[in-house]
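What follows is one structure encoded as structure tokens, with my remarks underneath.
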Amino acid sequence: MIFMTALDKISIAFTLWLARFSPILSKVVVDGAYLRAAIGTIAAAPSIAAIALAASSVSAGGAHILTPAWPVLLAIVIIGVFDAFAGFLGTAVYVIGSLVAHLATGHSIGAGDTRLLLGVIVVGFGPALLANQFRSFRRVPQNDGNYGWERVVDLFVIPFFGGWTAASMIGTLPALAGLTLAVANHVSDFSLAVAASLAIRVVLEELTARWVPNRLDRLHPTEVPGTYPGHKYVALVLRTVIFIYVTAALLGNEWQVWVGSILFALPTVLGWFKEKLPNVPVIWRILPTGLPGLALVLFIAQATSNIVGGWFAGSPQSALYSFAILPIPLLALSILGMLGREGEPDEVRLVKRPAFKWVYRIGGVVMLVVTMKLAGVI
């Protein structure tokens, strides 16, 4: 049926073409493959809705660019949870429209304006992409008890992670703009709405994978072309520059911001050479991953911040030194992960062996509560 397949060739070709230049944009485009697999051309509706909402919110009033009204931004963010490309299109239209309207009225574009717009566009697709990166929405359906348990866990872990990241993104928008923004009064609304939407999306992904698995496999290619040779260098430099630019709005353009940002980028550079490092299976066995790994990172971050805060108690530069020193223990953790890349051939982690099934399940619930506590969610 042409109704179901009209967008297929376009979406696949666009996904493969973008993969040569930007893996992130390629992932954004393919994110809504499950919708196209299930409902065909109707899957274009979220993109149309996001664009219409964004276009209706563009305004040239005031000396500074602001976010859309919070209900409109929330609607675009929710659309972006179900289809990251639709969210990206919506926020991109708002960003371009705001810049044009602002310049047309004779206003200049300040650093706060550009930082805010960067934050807005990331909010449109960031929660879905980050949540999917942390724990995949899509799994190969299996009819066993372990698979069912993992999908139940997905219904809690993915919404938690997505809601938490969405709250963090919305909460930083006023600092990026250097202004008081009404949207910051609704952080919990964004967090809860994103979490609920992600739970629904997990269910929809599961139903689609069981209902039309062949269409989903075709529309969501597992292998895409590699990027051009210098992409990783360009991407790293661009990501670091943007990170410094945004962080400077929060902490100031100080040397500690530059040092901390470079240290945060260093694990990526070391990762290019990890295969040349020795592999130590013992480290692989004891180093936590997934939710326990996130809990460990949060614990190390909090402990480091408390220690540095004690060293520089009362100093106005305490936050700056904390930012510069925080990446050091996280860098050490990254190096350990590179050294503990894998276990022995066909080795399974201890907690995932059949004899430890209930330890894994009960421990997973405990770790979710602990991680939510460390993240400040509860």
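Conditions tested, residue by residue: (1) small (Gly, Ala, Ser); (2) within 22 Å of the chain's Cα centre (by Cα); (3) assigned to a loop (DSSP other than H, G, I, E, B).
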site: Gly310; (1), (2), (3): yes, no, no
site: Leu320; (1), (2), (3): no, no, no
site: Leu330; (1), (2), (3): no, yes, no
site: Leu333; (1), (2), (3): no, yes, no
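Only one entry of Ala33, Ala44, Ala84 meets the criterion of being free of Cβ contacts under 8 Å to residues at least 40 places away in the same chain, among the small types (Gly, Ala, Ser) and within 30 Å of Pro225 (Cα to Cα), and that entry is Ala44.
Any residue in segment 54-69 that is under 20 Å from Gly162 (Cβ atoms) and either out of contact with any Lys or Arg (no Cβ under 9 Å at 6 or more places or on another chain) or free of Cβ contacts under 8 Å to residues at least 60 places away in the same chain (or both)? Yes: one or more hits.
Quick check on Trp284: is it farther than 22 Å from Ser168 by Cβ and buried (at least 16 other Cβ atoms within 10 Å of the Cβ)? Please lay out each step first, then the result.
Working: farther than 22 Å from Ser168 by Cβ: yes; buried (at least 16 other Cβ atoms within 10 Å of the Cβ): yes.
For Trp284, the condition - farther than 22 Å from Ser168 by Cβ and buried (at least 16 other Cβ atoms within 10 Å of the Cβ) - is met.
Would segment 337-346 turn up any residue that is touching a residue at least 60 places away in the same chain (Cβ under 8 Å), part of a helix (DSSP H, G or I) and surrounded by 15 or more Cβ atoms within 10 Å (Cβ to Cβ)? Before the answer, list the steps.
Here is the first cut: in segment 337-346, the ones touching a residue at least 60 places away in the same chain (Cβ under 8 Å) are 338-344.
After this cut, where a residue has to be part of a helix (DSSP H, G or I) as well, the list is 338-339.
Subsequent filtering for residues that are surrounded by 15 or more Cβ atoms within 10 Å (Cβ to Cβ) retains 338-339.
Within segment 337-346, one or more residues are touching a residue at least 60 places away in the same chain (Cβ under 8 Å), part of a helix (DSSP H, G or I) and surrounded by 15 or more Cβ atoms within 10 Å (Cβ to Cβ).
Could you grab me the full set of residues in segment 365-378 that are assigned to a loop (DSSP other than H, G, I, E, B) and either charged (D, E, K, R) or surrounded by 14 or more Cβ atoms within 10 Å (Cβ to Cβ) (or both)? Before the answer, list the steps.
Within segment 365-378, the first condition is being assigned to a loop (DSSP other than H, G, I, E, B), and the residues that meet it are 375-378.
Passing the criteria: Ala375, Val377.
Among the residues of segment 240-274, those that are among the β-branched types (Val, Ile, Thr), surrounded by fewer than 16 Cβ atoms within 10 Å (Cβ to Cβ) and either free of Cβ contacts under 8 Å to residues at least 40 places away in the same chain or not in a helix (DSSP H, G or I) (or both) comprise Val241, Ile262, Thr268, Val269.
In the set Val183, Val157, Val194, only one residue is among the β-branched types (Val, Ile, Thr), buried (at least 17 other Cβ atoms within 10 Å of the Cβ), more than 23 Å from Val95 (Cα to Cα) and touching a residue at least 60 places away in the same chain (Cβ under 8 Å); that residue is Val157.
Being within 30 Å of Asn253 (Cα to Cα) and outside any loop (DSSP other than H, G, I, E, B) is the requirement here; does Ile362 meet it? Reasoning before the result, please.
Details: within 30 Å of Asn253 (Cα to Cα): no; outside any loop (DSSP other than H, G, I, E, B): yes.
No: the conditions fail for Ile362.
Residues in segment 83-123 that are at pLDDT below 95, assigned to a helix (DSSP H, G or I) and hydroxyl-bearing (Ser, Thr, Tyr): Ser98, Thr114. If the Cβ limit is 9 Å and pairs must be 6+ apart or interchain, which residue in segment 357-378 that is within 14 Å of Thr165 (Cα to Cα) pairs with which residue that is assigned to a loop (DSSP other than H, G, I, E, B) and of a type outside the set (D, E, K, R)? These pairs meet every condition: Thr371/Val377; Met372/Ile378.
Go through segment 133-224 and tell me which helices (runs of 4 or more DSSP H), entirely inside it, have 2 or more residues that are modelled with pLDDT of 95 or more.
Output list reads 145-177, 187-211.
Across segment 82-110, the qualifying residues are those that are of a type in the set (Ser, Thr, Tyr) and surrounded by 15 or more Cβ atoms within 10 Å (Cβ to Cβ), and the one among them that is nearest to the chain's Cα centre (by Cα) is Thr91. Filtered by the rule that a residue be under 11 Å from Thr41 (Cβ atoms) and either among the hydrophobic types (A, V, I, L, M, F, W, C) or part of a loop (DSSP other than H, G, I, E, B) (or both), segment 6-21 gives Ala6, Leu7, Ile10.
The values are calculated or read from the model by the stated rules, or taken from the named source; none is laboratory data. Please read these numbers as outputs of a predicted model, since none were measured by experiment. Don't worry about glycine lacking a Cβ; one is built from the backbone with ideal geometry, like all the others, and counts go over all protein chains shown.
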